[in-house]
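Novice: Handing you a structure now.
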Amino acid sequence: MTLRTTSNLKCECGHEGTLSSAENDQPYSIPWVRHDLNGFSGTIADWQLDRLRCPSCGQEGRVEYVEEP
């Protein structure tokens with residue numbers, strides 16, 4: 001079975017995007033994780049956002065996770 005999660009992201013300038021992840025959580029099988037980044041450029045490693053670049057303001061490292069109310 002695959003565990004899927006989606007996190008909302010937001011830059012300090014107000015630009016928004018999402019980070020979708022899929023992870024194999026079946027025991028006794030080969031583990032894998034896939035991240036799909038939408039709205040920002042860069043790579044995601046170990047869930048750290050400090051290397052993401054905002055396409056609106058061009059700054060790097062200003063992206064944060066947003067909790068839904």
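Novice: Working only within the range 37-55, note down all residues that are among the aromatic types (Phe, Trp, Tyr) and surrounded by 14 or more Cβ atoms within 10 Å (Cβ to Cβ).
Specialist: Step one: list which residues in the range 37-55 are among the aromatic types (Phe, Trp, Tyr), which gives 40, 47.
Phe40 - this is the single residue of the range 37-55 that is among the aromatic types (Phe, Trp, Tyr) and surrounded by 14 or more Cβ atoms within 10 Å (Cβ to Cβ).
Novice: Taking into account only those residues within the range 42-69 that are closer than 17 Å to Asn8 by Cβ and small (Gly, Ala, Ser), which is modelled with the lowest pLDDT? Walk me through it before giving the result.
Specialist: Initial filter on the range 42-69 (closer than 17 Å to Asn8 by Cβ): 42, 44, 47-49, 52, 54-56, 62-69.
Filter once more, keeping what is small (Gly, Ala, Ser): 42, 56.
Working: Gly42: 84, Ser56: 92.
Ranking the qualifying residues of the range 42-69, first place goes to Gly42.
Novice: If Arg34 meets every condition in (1) basic (Lys, Arg); (2) more than 22 Å from Arg4 (Cβ to Cβ); (3) exposed (fewer than 14 other Cβ atoms within 10 Å of the Cβ) apart from one, which number is that one?
Specialist: The failed condition is (2).
Novice: Which of (1) exposed (fewer than 14 other Cβ atoms within 10 Å of the Cβ); (2) of a type in the set (Gly, Ala, Ser); (3) outside any loop (DSSP other than H, G, I, E, B) does Ser21 not meet, given it meets every other one?
Specialist: (1)
Novice: So, in the range 1-18, of the ones that are loosely packed, with under 11 Cβ neighbours inside 10 Å and not in a strand (DSSP E or B), which residue ends up modelled with the highest pLDDT?
Specialist: Gly14
Novice: Here's something else I'd like to know. Condition first: of a type outside the set (Ser, Thr, Tyr) and within 11 Å of the chain's Cα centre (by Cα). Now tell me which residues in the range 23-44 satisfy that.
Specialist: Arg34, His35, Asp36, Leu37, Asn38, Gly39, Phe40, Gly42, Ile44
The values are calculated or read from the model by the stated rules, or taken from the named source; none is laboratory data. None of the values given here were measured: they were computed from a predicted structure. Neighbour counts run over all protein chains shown; Cβ positions are idealised from the backbone, glycine included.
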